[in-house]
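> Sharing a structure below in structure tokens format, with a few things to ask.
The values are calculated or read from the model by the stated rules, or taken from the named source; none is laboratory data. Not measured: the values here are computed from a predicted model. Positions of Cβ are generated from backbone atoms using ideal geometry, with glycine treated the same way; all protein chains shown enter the neighbour counts. Just the protein is used for accessible areas: all its heavy atoms, side chains included, with ligands, DNA and RNA removed. Shrake-Rupley method; radii C 1.70, N 1.55, O 1.52, S 1.80 Å.
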Amino acid sequence: MIKTKLALAALSLSLAASPIALSAHEPPANATVEQMADHALEYDKLAWDFVEGITTEVGPRQAGTEAEKRGREWAMAWMRKHGFQNVADEPFEMETWVPGTMHHAEITSPFPQPLVIQPLGGSASTGPEGITAEVVYFETIGDLNAAPEGSLNGKIAYISHSMTPTQDGSQYGFAGPARWVGASIAKQKGAVATVIKSVGTDYHRNPHTGGTRVVENMIPAGALTLPDAANLERMFARADGKPIVMKLVLTPENIGTQVSGNVLGEIVGRDPSLPPILVACHIDSWWNAPGAFDDGAGCGIVAAAALNVAKSGQPLRTIRVLMAGAEEVGLYGSVAYSKAHIDEPIGVGIESDFGADRIWQFQSNFRETNPQLHAMLASSVARFGVAGSSTVATGGADINISRDQKGPIIDLQQDGTRYFDLHHTPDDTLDKIDPVQLRQNVAVWTQVVGILANYPGDIATGE
């Protein structure tokens, strides 16, 4: 305990040191972690290099497909080029769904016109001939849940919601059930298909896809763009009781067991007896976009931070980068990694998977058990405009192992105000990334990971 306190004091003195003038091209020789973080804020190019490269050279990376495999190979080559050690692809098998080529919806009466739609992950196929049926409007998932069984026999359920933008993304939990469980509930009520108002906050004609719960004898399920959903709701208001009839054509298919995988790379630490720092993201995306925000940027951020820490000298602990596969379709990579490595203690888990806009809040789950370290970390990133918080960190989707081990977790909360404008849409493209905000992410991550990677005590307790 005394040793750990002395180490904390030394780190505090280092944090208090005034940063030296930095070159626009290279960090100073023998730079400290703090100097590397400050340099990253102004000049980091690594994160951009990663996300620009993978979106340009690979593009969309649907889980279990050849494109995801190319994404993993590209990421491993990038990591080796930049000096990561122990770079590997850990494969796992998964049942694989692909979207097919026909995504079409149209109102046939009383107001004939086409609507823009895409299938939800796990959707069944209508067949190329499609389904034509009356649509029943549910304002909320709760309204659908209250409908009597059999009341939707032979009909299409339409589910709305009223999601709004928030900095912390909390409205996703409010609106998400329309997508997550809407189709399975509608099936119980007798529906032949389900369409939802996209779970998002933009008003472009870009559908937001995403997974839905798959049940036996799954029904077709698709997401309308927000403008098309609003148009459909206006139709109900004007129909004077006349049935709204839709023709729906979705042709996804299940292609059976395929291989996905997790990409790993390490900055090897000086003391292999200390549990590593796990920094995570996911390498896959949906088929409809190159996944710049979700989650190419996250992988670029965590990899850049690890490399920046290494430039300040070999860290005490190993920094392990996990680029998980098949996150979008059910967290398969996160589950597989935890299962394969559950007996290997993780020092702390952190994930970047909420876009590329600036980090505004620091959270941990050890504020009460190791208050000195929590306070030091929070203080260290205040200069980047990041506030501390008493909220207990729960971690992102790809650090299941930290939750399974009941270990330390940190959340570096990003500004999600515009995240759900882009999430799971064709608009998730490189041009949406603000390089200045991306660099702020890298700076904060460099600072936090650098302190943790050089912390000698138990991160959870300080002992």
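> Being open to solvent by less than 70 Å² (accessible area, probe 1.4 Å) and within 13 Å of PHE366 (Cα to Cα) is the filter here; which residues of the stretch 403-414 pass it?
Within the stretch 403-414, GLY407, PRO408, ILE409, ILE410, ASP411 meet the criteria.
> With (1) surrounded by fewer than 22 Cβ atoms within 10 Å (Cβ to Cβ); (2) within 28 Å of ALA326 (Cβ to Cβ) as the list, and PHE236 as the residue in question, which single condition is left unmet?
Going through the list (1) surrounded by fewer than 22 Cβ atoms within 10 Å (Cβ to Cβ); (2) within 28 Å of ALA326 (Cβ to Cβ), PHE236 breaks only (2).
> Within the stretch 115-129, identify whether any single residue is open to solvent by 60 Å² or more (accessible area, probe 1.4 Å) and polar (S, T, N, Q), and answer yes or no.
no
> What is the residue count in the stretch 417-439 for residues that are in contact with a Leu (Cβ under 6 Å, 6 or more places away or on another chain) and surrounded by fewer than 24 Cβ atoms within 10 Å (Cβ to Cβ)?
1
> Only one of (1) open to solvent by 10 Å² or more (accessible area, probe 1.4 Å); (2) β-branched (Val, Ile, Thr); (3) within 28 Å of ALA223 (Cα to Cα) fails for VAL392. Which number is that?
If we test VAL392 against (1) open to solvent by 10 Å² or more (accessible area, probe 1.4 Å); (2) β-branched (Val, Ile, Thr); (3) within 28 Å of ALA223 (Cα to Cα), just (3) comes out false.
> (1) surrounded by 24 or more Cβ atoms within 10 Å (Cβ to Cβ); (2) among the hydrophobic types (A, V, I, L, M, F, W, C); (3) within 13 Å of the chain's Cα centre (by Cα): which one isn't true of LEU331, the others all being true?
(1)
> For the structure I just gave you, tell me whether GLY154 is of a type in the set (Gly, Ala, Ser), under 27 Å from GLN113 (Cβ atoms) and assigned to a loop (DSSP other than H, G, I, E, B).
yes
> Right, another one. Quick check: anything in the stretch 82-89 at pLDDT 90 or above, among the β-branched types (Val, Ile, Thr), in a helix (DSSP H, G or I) and farther than 27 Å from PHE384 by Cα?
no
> Let me ask something else. Could you check the stretch 351-389 and list, in sequence order, the residues that are of a type in the set (Ser, Thr, Tyr) and either open to solvent by 30 Å² or more (accessible area, probe 1.4 Å) or at pLDDT below 95 (or both)?
Matches in the stretch 351-389: THR369, SER379.
> Could you tell me whether THR166 is open to solvent by less than 70 Å² (accessible area, probe 1.4 Å), under 30 Å from TRP360 (Cα atoms) and among the β-branched types (Val, Ile, Thr)?
Answer is yes for this residue.
> Still on this structure, I have one more. Taking SER273 as the residue in question, decide whether it is free of Cβ contacts under 8 Å to residues at least 24 places away in the same chain and over 17 Å from the mean Cα position of the chain (by Cα).
yes
> VAL302 versus (1) closer than 26 Å to THR55 by Cβ; (2) surrounded by fewer than 24 Cβ atoms within 10 Å (Cβ to Cβ): which is the lone unmet condition?
(2)
> In addition: Residues of the stretch 31-63 being without any contact (Cβ under 8 Å) to a residue 60 or more places away in the chain and in a loop (DSSP other than H, G, I, E, B), which ones?
LYS45, the sole residue that qualifies.
> Under 8 Å between Cβ atoms, at least 6 apart or on separate chains: pull out the pairs that start in the stretch 224-245 with a residue that is under 24 Å from ASP421 (Cα atoms) and end on any residue that is assigned to a helix (DSSP H, G or I) and open to solvent by less than 30 Å² (accessible area, probe 1.4 Å).
Short answer, once both residue conditions are applied: LEU224/LEU232.
> Restricting to the stretch 250-269, name every residue that is open to solvent by 20 Å² or more (accessible area, probe 1.4 Å) and either assigned to a strand (DSSP E or B) or closer than 26 Å to ASN441 by Cα (or both).
GLU253, ASN254, ILE255, GLY256, THR257, GLN258, VAL259, GLU266, VAL268
> Of all residues in the stretch 317-356, which are over 28 Å from ILE451 (Cβ atoms), part of a loop (DSSP other than H, G, I, E, B) and not hydrophobic (A, V, I, L, M, F, W, C)?
GLY325, GLU328, GLY330
> Being charged (D, E, K, R), surrounded by 16 or more Cβ atoms within 10 Å (Cβ to Cβ) and within 23 Å of GLY210 (Cα to Cα), is that true of even one residue in the stretch 78-95?
Checking the stretch 78-95: not a single residue is charged (D, E, K, R), surrounded by 16 or more Cβ atoms within 10 Å (Cβ to Cβ) and within 23 Å of GLY210 (Cα to Cα).
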